[in-house]
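The block underneath contains the structure these notes are about, expressed in structure tokens.
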Amino acid sequence: MSERGEAIVEIRGLVNRFGQHVVHHGLDLDIRRGEILGVVGGSGTGKSVLLRSIVGLKRPDGGTVRVFGEELERLSSARRARVERRFGVLFQRGALFSSLNLQENVALPLIEHAGLSRADAERLARVKLALAGLPPDAARLNPAELSGGMIKRAALARALALDPEVLFLDEPTAGLDPIGAAAFDRLLLTLRDALGFSVFLVTHDLDTLYSSCDRVAVIADKRILVAAPLAEVEGTDDPWIRDYFHGPRGRAASQAARHHSSPNGEER
Amino acid sequence: MPDNVSRPGRLEQDAHRLSAIGDWTLPHYASLRDAVARVHEAESIDLERLGELDTSGAALLVDLLGPDTVRDVDRWAPNLPAERQALLRAVADASRSPLFAPPSPGGGPLAALAALGQTVERLARQQRQLIAFIGLTLSTLLVTLLTPWRWRITSLVAHVEQTGLNAIPIVALLTFLVGAVVAFLGATVLRDFGATIYTVNLVTYSFLREFGVLLAAILLAGRTASAFTAQIGSMKANEEIDALRAQGLDPIELLVLPRVLAMTISLPILTLVGMLSGMLGGALVCALALDISPTQFLNILQRDIPLRHFLVGMVKAPLFAFLVAVIGCLEGFKAKASAQSVGEHTTSSVVQSIFMVILLDALAALYFMEMGW
Ligand SMILES: Nc1ncnc2c1ncn2[C@@H]1O[C@H](COP(=O)(O)OP(=O)(O)OP(=O)(O)O)[C@@H](O)[C@H]1O
Ligand SMILES: [Mg+2]
């Protein structure tokens, strides 16, 4: 197994723009093997666009994105597909296949990439759906018949289908009830510890940041302001960061996290 | 994790002791599943020589031992690293509730019969819905007509441009070609009777009465009814229709009326274009192949062809337009929130509207014939 801590995604000088609108300018960021990297920033600061440019859905207008040491842009389509298979992506709006039911949604990559038979794949898909916290009878529902939180869970199950090496999650806990969100945080840690994948986690959920993330990257001003362990980020002298972590919600979440971890250390 | 040489996972059984060996991971799922299925009962398993383990391998272990045993993994495999125990426990918890959803109903002759019945019933319901929707559209139209400040001129003009103006080239080209073909046919058949001059009558009759309007309507059915269905269907899938309703806006007034009216304005114009360009195609063939000069063509047209043929063709246009537009919109509203469903309804809207156009045209032809028009 490769060493923990080595960078598996390296972004250097990334530039992204839509017409005149510059979203990223000279953005640098690493994702290290085995870490859970939280990505925060105000609405519209380009977190989802950053995610899309890492997984190769948006061609950068400048700079380089190296994944597993290679630039996706430069790879032949077969090799690129092999790299992309090592990704699991949860899109902000779920992006479930609307013509397939949930178990088929999760089974699709298992059939296509892992070569499982349909029956095997659907059985495994039901395990993943249950792991993501969906009841068994949801397996045959269509995406249109789901609640907002259920869509997130199903999308998580699909992202986890192939036990990917890098998991990209775009606001996975938005729309989940607090109990479900806490269960999600625990699941993410359990799976990361057991499977050793890395996670790029876009979130506005302060509790998730405090409970799961090893490092936090803050996007502002078209670039990464800081990317460091939470304690260090909290101490950064920047008005936005101060408002974010030391506003009423940030304080509550940090107190809750401290309260949780100090008396009984076995929580993690 | 990936590029290491993987040791295929195996299940070994000796002296009543099971042991899991090698990588219990997704690539080996199929063979491991078979091995697991062969074991009848197992209380515990030796995990000392286990290589990699992922969720699929954990799911197999849960299949093998049952969720309750796996839950107590620290009892029978205390040496397993804590994170693997946690993974096994998480998968065991997830597998606790029955994972088998009820099977879907099977086939057989009875099911085929039932499917037939359902299809017939659906057809009947479809026609009822269509009539109801026509009524709804007409009543909304009436109310809107009486309240001029609710007319949506901008939307109407935009739709007229898309459905009418943009379709002129294709309609003109198509009818031109068909006109030429009809003239050739006429020339070939009538030559035997020495009556090639009647080719002019053939072309003008057929285009004024039938082909002009029919071809234009069929083209619009393929081009525009499908667009209406796809537009409204994807709005439906995206809950945009619900959003309109929730804001107290009437989707019929906002979405259907502009489309239906635009179509009713466009099709007569396109019909006229179709008639003219079809006769032009006929005239060209007459001039080139039959030595009937354009002047002669126009003379015959003026002398022999009464105006009523033109009117018979024209009156059908608004009717066809209304039907095609209404079917396109209705199918859009019937679409469910999936890409598949939008596709199915788009197909259905094209098929239905072409069918209705041809059916109505046949009925109209009978009627006009009996009336001697
Ligand atoms: N396809 C696109 N075309 C044009 N502009 C786009 C496109 N996608 C994103 N943008 C712009 O890029 C900026 C960043 O968008 P992005 O979706 O990354 O925001 P975000 O940080 O994910 O916000 P949120 O937290 O609300 O999800 C926004 O200003 C948006 O308008
Ligand atoms: Mg976003």
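Since every read-out is calculated from the coordinates, none of them should be taken as a lab result. In this text, all values refer to a predicted model and were calculated from it rather than measured experimentally. Here the Cβ positions follow ideal geometry from the backbone for every residue, glycine too, while neighbour counts run over all protein chains shown.
Compared with the dominant Cα axis of chain B, that is its longest principal axis, helix B:168-191 is turned about 60°. For the options A:His113, A:His246, A:His25, a Gaussian network treatment of chain A with springs between C-alpha atoms closer than 10 Å singles out A:His113 as fluctuating the most.
A crude spin-label estimate for the pair A:Asp193 and B:Leu136, with each label 7 Å from Cα along the Cβ direction, gives 5.6 nm.
How about the range B:24-68: which trypsin sites (Lys or Arg not before Pro) there are in a DSSP loop, with at most 16 other Cβ atoms within 10 Å of their Cβ?
B:Arg49
Peptide A:120-131 shows a mean partner chain C-beta count of 6 within 10 Å per residue C-beta.
Between the range A:169-218 and the range B:349-373, the C-alpha centres lie 63 angstrom from each other. Among residues other than B:Glu331 with Cβ under 12 Å from its Cβ, the summed charge is +2 (Lys and Arg +1, Asp and Glu -1). From the Cα gyration tensor of the range A:168-242, with a ≥ b ≥ c the square roots of its eigenvalues, which class applies: rounded if a/c is under 1.5, or else prolate if a/b is larger than b/c, or else oblate? Prolate, since a/c reaches 1.5 and a/b exceeds b/c. Starting from the Cα of A:Lys222, draw a straight line to each of the lysines and keep only those under 20 Å, dropping any in the same chain fewer than 8 residues away. Cross-link targets: A:Lys47, A:Lys58. Applying the Karplus relation 6.51 cos²θ - 1.76 cosθ + 1.60 with θ = phi - 60° to the range A:198-215 yields 3J(HN,Hα) values of 9, 10, 9, 10, 7, 7, 10, 8, 4, 5, 4, 4, 6, 8, 10, 7, 7, 9 Hz, where x marks Gly and Pro.
For the range B:10-96, a/c is less than 1.5, where a ≥ b ≥ c are the root eigenvalues of the C-alpha gyration tensor. That puts it in the rounded class. Residues whose amide H lies under 5 Å from that of B:Leu18, counting only those 5 or more places away or on a different chain, are B:Asp46; hydrogens are built 1.01 Å from N in the peptide plane.
Taking the fewest neighbouring Cβ atoms within 10 Å as the starting point, the ordered list for B:Leu280, B:Leu61, B:Leu249, A:Leu191 is B:Leu249, B:Leu280, A:Leu191, B:Leu61. Return the FRET efficiency for the residue pair B:Asp14, B:Asp93: r is the Cβ-Cβ distance, R0 is 35 Å, and the value is rounded to the nearest 0.05. With R0 = 35 Å, the Cβ-Cβ based efficiency is 0.70.
Placing unit charges on each Cβ (+1 for Lys and Arg, -1 for Asp and Glu) gives the protein assembly as shown a dipole about its Cα centre, and among B:Trp76, B:Gln129, B:Leu142 the Cα reaching farthest toward its positive end belongs to B:Leu142. For chain B, the convex hull drawn through the C-alpha positions has a volume of 287 cubic angstrom per residue.
Which of these, B:Ser226, B:Ser19, B:Ser277, has the largest mean-square fluctuation under a Gaussian network model of chain B (Cα springs below 10 Å)? Highest fluctuation among the options: B:Ser19. Against chain B, whose longest principal axis is taken from its Cα atoms, helix B:82-94 shows a tilt of about 50°. Each part reduced to its alpha carbon centroid, the range A:10-29 and the range B:1-79 end up 46 Å apart. Database remark: amide H of A:Gly41 closer than 5 angstrom to the amide H of A:Ile219 (H placed geometrically; neighbours at sequence offset of 5 or more, or on other chains; Pro and chain starts carry no H). Could you work out the relative contact order of chain B, using alpha carbon pairs under 8 angstrom and six or more residues apart, expressed as a whole percent? Reported as a whole number, the value is 17 percent. For the range A:15-30, backbone phi angles converted through the Karplus equation (6.51, -1.76, 1.60; θ = phi - 60°) give residue-by-residue couplings of 10, 10, 8, 10, x, 7, 8, 7, 9, 10, 9, x, 8, 10, 6, 10 Hz, Gly and Pro being listed as x.
Counting only residues at least eight positions apart within a chain, or on another chain, the lysines with an alpha carbon under 29 Å from that of B:Lys336 are A:Lys128, A:Lys152, B:Lys236.
Using just the helices of chain A, give the 222 nm mean residue ellipticity in deg cm²/dmol: DSSP H runs with n ≥ 4 each add -39,500 (n - 2.57), and the total is spread over all residues, rounded to 500. Only helices count here, giving -11500 deg cm²/dmol.
Between B:Leu360 and B:Leu173, what FRET efficiency comes out of the Förster formula 1/(1 + (r/R0)^6) with R0 = 30 Å and r the beta carbon distance, rounded to 0.05? Mind dumping the intermediate values first?
On the way: r = 25 Å, r/R0 = 0.84.
So the FRET efficiency works out to roughly 0.75.
Each residue in B:Ile168, B:Ile218, A:Ile31 was given a count of other beta-carbon atoms within 10 angstrom of its own, and listing them fewest first yields B:Ile168, B:Ile218, A:Ile31. Once you have a ≥ b ≥ c as the square roots of the Cα gyration tensor eigenvalues for chain A, tell me rounded if a/c is under 1.5, and otherwise prolate or oblate according to whether a/b is larger than b/c. Judged from the Cα gyration tensor, chain A comes out oblate (a/c at least 1.5, b/c at or above a/b). Here the spin labels are modelled as points 7 Å beyond Cα on the Cα-Cβ line, and at A:Ala144 and A:Thr64 they lie 4.7 nm apart. Net length available on complete extension from B:Ala37 to B:Ala195 is 48.5 nm, with 0.36 nm assigned per residue and the Cα-Cα distance removed.
Dipole size of the protein assembly as shown about its Cα centre, with +1 on Lys/Arg Cβ and -1 on Asp/Glu Cβ: approximately 1600 debye, rounded to the nearest 20.
If you restrict to DSSP beta bridges whose two residues both lie in the protein assembly as shown, what percentage is antiparallel, to the nearest 5? Roughly 55 percent of the DSSP beta bridges within the protein assembly as shown come out antiparallel. Given a cut-off of under 8 Å on Cα pairs at least six residues apart, what relative contact order in percent is computed for chain A? Answer for chain A is 23 percent. At an R0 of 56 angstrom, the distance between the Cβ atoms of B:Ile153 and A:Leu225 translates into a FRET efficiency of 0.65.
Of A:Thr236, A:Thr203, A:Thr173, the residue with the greatest mean-square motion in the GNM of chain A, using alpha carbon springs below 10 Å, is A:Thr236. Calculated mean residue ellipticity, 222 nm, chain B: -23000 deg cm²/dmol, from DSSP H runs (n ≥ 4) at -39500 (n - 2.57) each, averaged per residue and rounded to 500.
In a reduced charge model with +1 at each Lys and Arg Cβ and -1 at each Asp and Glu Cβ, chain B shows a dipole moment near 1480 debye about its Cα centre.
Its Cα centre serving as origin, the range A:87-163 has a Cβ charge dipole (Lys and Arg +1, Asp and Glu -1) of approximately 180 debye.
Going by alpha carbons, how many degrees (0 to 90, nearest 10) lie between the helix axis of B:109-146 and the longest principal axis of chain B? The answer is roughly 60 degrees.
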